[in-house]
Amino acid sequence: MASSKEYLDFILEQLSELEEMSYRPMMGEYILYYHGKIIGGIYDNRLLLKPVKLVLDQLRQTKLERPYEGAKEMILLEDIEDKSFLTRLIKDMNEVLPAPKVKKKA
């Protein structure tokens, strides 16, 4: 099942205080980027984040799910109503995620 544009719009609104937030459609789902770093994605109308220890430590209860068959588990973020918490969580993630790899030109 593909994710809806309405759910994407809702998540982007919840993250609207973050500058340089972007997304890329990918096979009916959406990959989320912050400052060019992949932070997670929207899969089947679920917000899934990379399993970063810092995020795991901040969440009271953590549920890990696979975005699709054969993929690595990611953090299912169920509490998506609190904009300030989401904003802080993504900013904290950005501090520990590695910089995106620079692609070499052929």
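The values are calculated or read from the model by the stated rules, or taken from the named source; none is laboratory data. Just so it is clear, the structure is predicted and the values come from calculations on it, not from any experiment. Here the Cβ is made from the backbone with ideal geometry for all residues, glycine too, and neighbour counts use every protein chain on show. Heads up: the accessible areas ignore ligands, DNA and RNA and are worked out on the full protein's heavy atoms, side chains in. Shrake-Rupley method; radii C 1.70, N 1.55, O 1.52, S 1.80 Å.
For the reader, a short list of remarks on this structure follows.
- A Förster radius of 22 Å combined with the Cβ-Cβ distance from residue 66 to residue 87 puts the calculated FRET efficiency at roughly 0.25.
- A straight chain from residue 10 to residue 35 at 0.36 nm per residue would run longer than the Cα-Cα distance by 7.0 nm.
- The charge dipole of the stretch 43-106, taken about its Cα centre with unit charges on the Cβ of Lys, Arg, Asp and Glu (plus for the first two, minus for the last two), comes to roughly 600 debye.
- Within straight-line reach of residue 103, meaning a Cα separation under 24 Å, sit the following lysines at least 8 residues removed in sequence or on another chain: 37, 50, 72.
- Sparse-neighbourhood loop sites, trypsin sites (Lys or Arg not before Pro) in the stretch 2-106 - DSSP loop, at most 15 other Cβ within 10 angstrom: 60, 72, 101, 103, 104, 105
- DSSP beta bridges in the chain [antiparallel fraction, %, rounded to 5]: 100
- Relative contact order, percent, the chain [alpha-carbon distance under 8 Å, six or more residues apart]: 25
- Ranked from largest, the principal axis spans of the Cα set of the chain equal 45, 32, 28 Å.
- The accessible surface of the chain, taken with every protein chain in place and a 1.4 Å probe, is 52 percent carbon and sulfur.
- Pairwise FRET efficiency - residue 99 versus residue 79, Cβ, R0 = 22 Å, nearest 0.05: 0.20
- Within the chain, the chymotrypsin sites (Phe, Trp or Tyr not before Pro) that combine a DSSP coil assignment with at most 13 other C-beta atoms in a 10 angstrom radius are 68.
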